[in-house]
Each structure stands twice: as C-alpha cells, then as structure tokens.
1. Lysines within cross-link reach of Lys179: Cα-Cα under 26 Å, excluding same-chain residues under 8 positions apart?
2. Going by average Cβ density within 10 Å per residue, which order do the peptides 159-169, 120-130 take, highest to lowest?
3. Taking only C-alpha pairs under 8 Å that are 6+ residues apart, what is the relative contact order of region 12-296 in percent?
4. Need the list of aspartates and glutamates near Lys325 for cross-linking: C-alpha distance under 17 angstrom, and skip anything on the same chain fewer than eight residues off.
5. As I understand it, the dipole of the chain uses +1 on the Cβ of Lys and Arg and -1 on the Cβ of Asp and Glu, about the Cα centre. Which of Pro167, Trp154, Ala126 lies farthest toward its positive end?
6. So for each of 183-194, 245-256, 304-315 I average, over its residues, the number of other beta carbons within 10 Å; can you give me the resulting order with the highest mean first?
7. Along Cα→Cβ, 7 Å out, is where each label goes; now give me the distance between the ones at Asn342 and Lys162 in nm to one decimal.
8. Please give the contour-minus-distance gain from Asp99 to Gln334: 0.36 nm per residue of separation, less the Cα-Cα distance, rounded to one decimal in nm.
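Just so it is clear, none of the values below were taken in a lab; they were calculated from the coordinates. Everything numeric in this text was worked out from a predicted model, so none of it was measured. All Cβ positions, even for glycine, are placed from backbone atoms using ideal geometry, and neighbour counts span all protein chains on display.
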Amino acid sequence: MAGGKGSIVLSTAVLGVLAVVLLAAQASAQVLAPTPPMGWNSWNYYKCAIDDATVRLQADAMVSSGMRDAGYQYVNIDDCWEGERDAQGYIHPNSRFPDMKGLADYIHSKGLKLGIYSSPGPLTCAKYEGSYGHEREDAETYAAWGVDFLKYDWCSARDYYKYPDIPQAFLKMHEALVKAGRPIVFSMHGRGPIWDWGQRVGGTLWRSTGDITADYARITAIGFEQAGLEKFAGPGHWNDPDMLEVGNGKLTEAESRLHMSLWCLVAAPLISGNDLTQMSPATLAILINPEVIAVDQDPLGVQGHRVSAQGPAEVWMKPMADGSKVVGLFNREQGVLPLTVNFSEIGVTGKAHIRDLWAHKDLGEFTGSFSADVGEHDVMLIRIR
C-alpha cells in the first residue's frame, strides 16, 4: 500500500508506549533481518488463485532452480488464504489451505521459511478476514503453525483508526507477535511517512511506495522514488519499494536487469513475484546473479543514494562493507546514452579497479572517472575498488 511523504503527529500516549518497546523492537529486528529479506510472494502472479499445492510447487522450484542457495528464503502466501474464526476468535484457513501447519512443515523441510498475510483492519484488501480485535489470537495461531513472516496490509483499517493512531495499530500486532514467542519478520504496509516510525513499532520492513505492477514506467517511478530515504534503512529495518516483477509482464531483459540493479542498490527486500516453475533462463540468471545479490545483501546495510540525475540519466552509489563502492549508471529513456561517474563525487581517489557485475568481467583500472554507453531502459552496474 502507498505511503505519502507527509508528516504524522503521534499522541503523547502513543509516544510513551513506543519508547517502552523501542529497544525490544530494535533487538528483535536486528536478529531477524540483518540484511534485506529475500524470498517469493504469491500476489503479483497469482492474486487470489493460490492454494496449498501451488505454494508447495513454488517452494520446490525455489530449491531446484538454485534460488534458495542464492539466498532466497521466504515463501510468502499473500491475501486470500483466510477462512472463518471459531467461537474463541481463532482464525482458520479456507478450504484451499487444509493444513497450514503441514504446509509450514513442508516449507521448513526444504530449508525455507513460510510467510503469511493479514490486515490491522477487519477485512483484508481482498475482503477476507483481517486481524482487527484479534491480534493476540492471530499471533498465537501464526506461531503455532510455524509462520516466519507476516505481511500486514492497511486496507480496511482506514475506517477504524484515525491518522495519528496508525502507528498504534502496527504496534498492537508487533506486541502480540512478541508475546506469541516465535520470531516473525514484520512487514508493514501503512499510511503516511511510515519510514519515520516503522522501526519504533517493531517493523522489520515497511512499504515506502504505492503498489508495483509489471510495467517499466511504474517500476522506475517506484524505484527512483527511494531517493532521500537512505537514513531510515539499515540492519534489521528496511525500506520496501514492493516486490520484484522480474519475469512478469512484458519487461525486456534490459528492464528486468535495471529493476534488479536498482532494488539491490537501495538495499530493498528481494521478494520475487513471478511463477518460479516457469522461469526463462534469462529471468533466472537475473534473479540469482551472485555478484548483484551481494550488493543487496552487503552486511554494512547502507541504502544507496542518487549521486546525480540529468534528464533520463541517473547515477546511484552504494558503499560496501569492504570499502568498495557499487555504482549504477541508469538510462531511463530511449536510445543509447554515454554515462559517466566522476570518482570525486563518490569519494574515490587515485586509480580504481572496476568490475562489471552483470558481465562478471573486470574492466581494468581507471583514474578520475568511468564512462560507458548504456542502452535504453538499461543499466551498467559496476563495483569500484
């Protein structure tokens, strides 16, 4: 869900509660996601046409394709799994998911983790049962099933919480998850500048944009919108520009490469949204490129920033734990563009060794700057040592 870059005023009571749980929330997040979470989510490709068998097939494909070994962990069921509540208020899955605990056990047996979905409102985005008034019961249920990841989506909550009370709605679920006793990554989709307060209410990651689609214009609008949010990201707390659309829609190979590069530069969670059982070799190569994934998963945990932007040309840089710098040279529009990164703009002096991370090729030593011709809707991603 989208979050506007406005301001939000928290009540004194909310601030007091936030202060009490701040240290616990930070410690929990640090353990759960020292680097951005990686995995798969059902929504982009399947929407509500999802069931137990399909989720198992996706988990199998995550293993057989090499994605698990490349770092992808979470197999996340999005909306539409929910059934009815019993007399005690505990949620049960619908008929498409006859045994959620059994599904979790299967996912875990593959060396993977299970994610699930709900809302702080009474209804989810697809009008299934939400968690409003049942946060404790739902957290206990997720823990009993063996859930490892919760995506918590705003939707109907807008009718039950006033704008200043939005953080409290998420804090309520975070506290319930903590009391349930199982470590669960908490992915928040709220309203307003959620990056400002997300970590204080126990968020591991939070959506920093509106919803993504498998459209190049939408992907670039969302991705480049991350400029300015760098200070809110770090180990255990991540800005989330939504799931990957690599392998979906009519994206060209160049556009998919640009998409993946930008998400890695901004230290975004890498949650693929395609059908893992039907990937082309090109799609898989983009998703599991180890040198590119290493940019996203760098232990320093710094979100990259925009160095320069001129017309359709943008240069972004992400500092790495080993002292190197990863730079993306982006051509957002038509035709081939000559792009340059000046070393003085990224804190590099003297001679620098440069490697092309998509081509897996050393390009040699350069002094002062590096230039390359970049095709339309494409990127050159380089590591500068």
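1. Excluding near neighbours in sequence, the set is Lys101, Lys113, Lys151, Lys162.
2. Numbers: 159-169: 16.8, 120-130: 19.6.
For the peptides 159-169, 120-130, the packing ranking is 120-130, 159-169.
3. Numbers: 564 pairs, mean separation 62.2, N = 285.
Rounded, it is 22 percent for region 12-296.
4. Correct list for Lys325: Glu230, Glu291, Asp296, Asp298, Glu314, Glu345, Asp356, Asp362, Glu365.
5. Pro167
6. Numbers: 183-194: 23.1, 245-256: 19.3, 304-315: 16.7.
The packing order, highest mean first, is 183-194, 245-256, 304-315.
7. Label-label distance for Asn342 and Lys162, simple model: 5.1 nm.
8. Values: separation 235, 0.36 × 235 = 84.60 nm, distance 5.02 nm.
Gain in length upon complete extension: 79.6 nm.
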